[in-house]
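Quick notes on the structure that follows.
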Amino acid sequence: MVTANWAGNVVFSSREVHRPGSVTQLQELVAASDKVRALGSGHSFSRIADTEGEHVTLAGLPPVIEIDAASSTARVSAGLRYGEFTGRLHEAGFALPNLGSLPHIVAAGACATGTHGSGQHNGALATAVSAVELVGADGELRTVRRGDPEFPGSVVALGALGIVTTLTLDLRPTFGIRQWIYEGLALEDAEEALAGGYSVSLFTHWAGAGFEQVWLKQLDTDPEPPVRWLGATRAPAQVHMVPGIDPQHCTPQLGEPGPWHERLPHFRLAFTPSSGDELQSEYFVPRAALGDALRAVDAVRDKITPVLQVSEIRTVAADELWLSPAQGRDTAVLHFTWVPDTEAALPAVAALETALAEFDARPHWGKVFGTAPATVASLWPHLADFAALTLKHDPEGKFRNAMLETYLPR
Ligand SMILES: Cc1cc2nc3c(=O)[nH]c(=O)nc-3n(C[C@H](O)[C@H](O)[C@H](O)COP(=O)(O)OP(=O)(O)OC[C@H]3O[C@@H](n4cnc5c(N)ncnc54)[C@H](O)[C@@H]3O)c2cc1C
């Protein structure tokens, strides 16, 4: 029985958690239920996965990993964690363009919230989706494909259109990545550093000047970067982004080449994050505003550092998925890992949101935020289209929850 999310900051209100063993059982369950929502791996920090009705986990469905080499696509069970199928894609000679920091996250849950990795040219994980198969409010199974007018609203859909059973993903030929960590980057060199590799993350504690670490993930076919780069120095040993935590939990660094799925996430699949001693918030700003946004955060550092574990800056390419935080704009993402104390973290969250308001900062749907509903409504141009889509496919509000009522009224 699942009663709380991974971080423990959300105690679920659901009456029951069902674990159907077949898609037919899932369809019967959805058809018979008055309120139901899918639960992924529970890694969201917001109440987005919650319901007062019934929860469904897809962990009991027979796993599907169908690779179609001719079309370079894979149809995978929506309830699989990325780490459960990315190795199979690699063995078949294929890859996904990008991954989030943790391979333990379920594909449908990640895509439903606009989860992303980093890279100037890499879209959010949902941009790899070309078809979504889902059980709708009537219990019927339907497929929405790229090209369908409803597709842009059906991928990053916050679980509001039904229970997704499979995702079809675009693949590219497999590739190798080498990961290098640099220490000591100036704040004003952020943009250049973020453009300096296939996937780049900047880490800071907002306690000194600039960034303590740069995680540079480069294609293994690219030339080895210099030992000193943009004034930063290459770390001589494996590191963790939070001081004092065992760096062996992190994917191999020091330029050791490895396949994409073992280097793009920051953390190893074999490392099991048992419970989350942390909270997270994240804000998406237009990439052109990154320098000003960093200076705005720097100006409120006194308000955030007492509750901050670490902050990470990444980039995401623009997409056209209606609810994606990168919708319509090349994006820079400012992430904050807080101590696991909601009451203590919320004033810092509020200070950040005030500082970032002028940059039209969109919050991550799956993380802690306090952005006012009216502000959220002004940040995404397609919220009304999405509301109309949910009204069409879920007129009785079977998949609605309190968070959707607050931020996506209809
Ligand atoms: C340690 C850690 C690292 C993280 N790293 C990143 C990162 O690098 N980048 C980033 O952007 N985010 C990151 N996140 C946030 C995380 O990716 C998102 O919160 C994501 O939604 C979690 O997926 P989940 O499967 O746990 O979903 P849940 O939290 O279980 O659910 C999220 C939403 O997905 C819906 N959903 C789940 N399964 C289905 C389904 N089958 N059909 C329909 N809807 C479904 C749920 O109803 C809910 O609305 C991280 C979180 C943690 C705890």
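The values are calculated or read from the model by the stated rules, or taken from the named source; none is laboratory data. Because the structure is a prediction, the values reported are computed rather than measured. Backbone-built Cβ (ideal geometry, glycine too); neighbour counts: all protein chains shown. When the accessible area is computed, the model is the full protein with side chains, heavy atoms only, and any ligands, DNA or RNA have been set aside. Shrake-Rupley method; radii C 1.70, N 1.55, O 1.52, S 1.80 Å.
Per-residue surface analysis assigns residue 167 an accessible area of about 10 Å², computed on protein heavy atoms at 1.4 Å probe radius.
Close amide H partners of residue 148, meaning residues 5 or more places away or on another chain with modelled amide H under 5 Å apart, do not exist here. Centre-to-centre, using Cα atoms only, region 9-68 and region 341-410 are separated by 22 Å. Remark: region 65-173 carries 32 Å² of accessible area per residue (probe radius 1.4 Å; ligands, DNA and RNA excluded). The calculated FRET efficiency for residue 410 paired with residue 174, based on their beta-carbon distance and R0 = 45 Å, is about 0.60.
The slack in the chain from residue 299 to residue 318, taken as 0.36 nm per residue of separation less the alpha-carbon distance, amounts to 4.1 nm.
Once the Cα atoms are used to define both axes, helix 383-393 deviates from the longest principal axis of the chain by about 30 degrees. Between the listed residues 101, 171, 156, the Cα displaced farthest toward the positive end of the dipole of region 65-173, a dipole computed from Cβ unit charges relative to the Cα centre, is found at 101.
Ellipticity at 222 nm from helices only: DSSP H runs of n ≥ 4 in the chain, each -39500 (n - 2.57), divided by the residue count, give -6000 deg cm²/dmol. Here residue 388 and residue 52 are evaluated by their C-beta separation; at R0 = 25 Å the FRET efficiency comes out at 0.55. Working from the pairwise distances between different alpha carbons, so that the mean of 1/r is found and then inverted, what is the chain's Kirkwood radius in Å? Over the chain, the inverse of the mean reciprocal pair distance is 21.5 Å. Taking every C-alpha pair closer than 8 Å and separated by at least 6 residues, the mean separation divided by the residue count of region 344-410 gives a relative contact order of 30 percent. Per-residue surface analysis assigns residue 170 an accessible area of about 50 Å², computed on protein heavy atoms at 1.4 Å probe radius.
For region 187-192, the Karplus equation 6.51 cos²θ - 1.76 cosθ + 1.60, evaluated at θ = phi - 60°, returns couplings of 4, 6, 9, 4, 5, 5 Hz by residue, with Gly and Pro reported as x. Using a probe of 1.4 Å on the protein chains alone, the accessible area found for residue 271 is around 50 Å².
Distance between the pseudo-spin-label points of residue 246 and residue 375 (7 Å out from Cα toward the beta carbon): 4.0 nm.
Surface composition of region 65-173: carbon and sulfur atoms hold 51% of the protein heavy-atom accessible area at a 1.4 Å probe.
Structure remark: mean-square fluctuation, Gaussian network model of the chain, C-alpha springs under 10 Å; the largest value among 343, 84, 52 belongs to 343. Amide H to amide H distances under 5 Å link residue 199 with 217, where only residues 5 or more positions off or on other chains count and H is placed in the peptide plane.
Residues of region 167-194 with an amide N closer than 19 Å to a point placed 7 Å from the Cα of residue 227 along the Cα-to-Cβ direction: 179-185. Axis angle, to the nearest 10 degrees, between helix 342-356 and the longest C-alpha principal axis of the chain: 70 degrees.
Simple point charges give the picture: +1 on the Cβ of Lys and Arg, -1 on the Cβ of Asp and Glu, and for the chain a dipole about the Cα centre of about 340 debye. Close amide H contacts of residue 13 (hydrogens built in the peptide plane, cut-off under 5 Å, sequence separation of 5 or more or a different chain): 51. Residues in region 33-41 carry Karplus couplings, in order, of 8, 8, 9, 8, 9, 7, 10, x, 8 Hz; the curve used is 6.51 cos²θ - 1.76 cosθ + 1.60 with θ = phi - 60°, and Gly or Pro positions show x. Since only 335, 372, 90 are under comparison, the one whose Cα sits farthest along the positive direction of the charge dipole of the chain, derived from C-beta charges on Lys, Arg, Asp and Glu, is 90. Dipole check for region 176-373: with +1 at the C-beta of Lys and Arg, -1 at the C-beta of Asp and Glu, and the Cα centre as origin, the magnitude is about 180 Debye. Taking a point 7 Å out from the Cα of residue 288 in the direction of its Cβ, the residues of region 328-371 whose backbone N falls within less than 11 Å of it are 330.
The stretch between residue 31 and residue 343 holds 108.4 nm of extra length on full extension. This uses 0.36 nm per residue minus the Cα-Cα distance. Evaluating 6.51 cos²θ - 1.76 cosθ + 1.60 at θ = phi - 60° for every residue in region 357-369, the Karplus couplings come out as 4, 5, 9, 6, 6, 8, x, 6, 4, x, 10, 6, 8 Hz, glycine and proline recorded as x. If you build a Gaussian network model of the chain, linking Cα atoms that sit under 10 Å apart, which residue out of 113, 305, 204 swings the most? Result: 305 has the largest fluctuation of those listed. The residues of region 176-373 have, on average, 38 Å² of accessible surface per residue, using a 1.4 Å probe with all protein chains present.
Charge dipole (Cα centre; +1 on Lys/Arg Cβ, -1 on Asp/Glu Cβ; no other charges) of region 34-80 amounts to roughly 100 debye. Site pair residue 13 and residue 71 shows an inter-label distance of 4.0 nm when each label is modelled 7 Å from Cα along Cα→Cβ. Under a Gaussian network description of the chain, with springs only between Cα atoms under 10 Å, the residue in 120, 248, 280 that fluctuates furthest is 248. In whole angstrom, region 65-173 maps to an equivalent ellipsoid with semi-axes of 21, 15, 13, each derived as √(5λ) from the alpha carbon gyration tensor and ordered largest first.
Only lysine pairs 8 or more places apart or on separate chains count here, and in the chain those with Cα atoms under 28 Å apart total 7. Simple rule: put +1 on each Lys or Arg Cβ and -1 on each Asp or Glu Cβ in the chain, find the dipole, and look at 259, 61, 51; the Cα lying farthest toward the positive end is 61.
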